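A.B. asks: Sharing a structure below in structure tokens format, with a few things to ask.
Here, each number is a calculation from the coordinates, and none is a lab measurement. Being a predicted model, the structure only gives us computed values, none of them experimental.
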Amino acid sequence: MLRFRGLHIVAGIAAMSVAAVLGMIVELNNTAIFTSSCVAYVAVSMWAESRISRRRGQLQGLLPQIPDATALEHPPEQLVKEHFPGEQPGGEQRPVEQRPLLDGNAA
């Protein structure tokens, strides 16, 4: 049996319908009804997709484990070092080529 993967879309359409009915009850104009329905669709479908994927990840045991920062062998300052254009990774410096400045217009 195939798994149905569009449940978040169905939830969004249901929210859109409810928002449209509520908009008609409170006598909004058509533009306001459409806009509120679209906002409800996007919000509910994104929320439902997030919850479904989180639930599937927990069931399959696929949630990523975040490593503890204290478990690192080296402190973060040693992991990332900045290198500037004239600087070699070993600490040696080499001369940086300088381009001549062009004055005036080329035309």
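A.B. asks: Per-residue HN-Hα couplings for region 34-44, Karplus 6.51 cos²θ - 1.76 cosθ + 1.60 at θ = phi - 60°, whole Hz, x for Gly and Pro?
C.D. replies: Here the 3J(HN,Hα) series is 5, 5, 5, 5, 5, 4, 5, 4, 5, 5, 6 Hz.
A.B. asks: Let me ask something else about it. Tell me the Kirkwood radius of region 1-52: reciprocal of the mean inverse pair distance over distinct alpha-carbon atoms, in Å.
C.D. replies: Result for region 1-52 stands at 11.4 Å.
A.B. asks: Between VAL39 and VAL26, what is 0.36 nm times their sequence separation minus the Cα-Cα distance? Round to one decimal in nm.
C.D. replies: Once the chain is fully extended between VAL39 and VAL26, it gains 3.0 nm.
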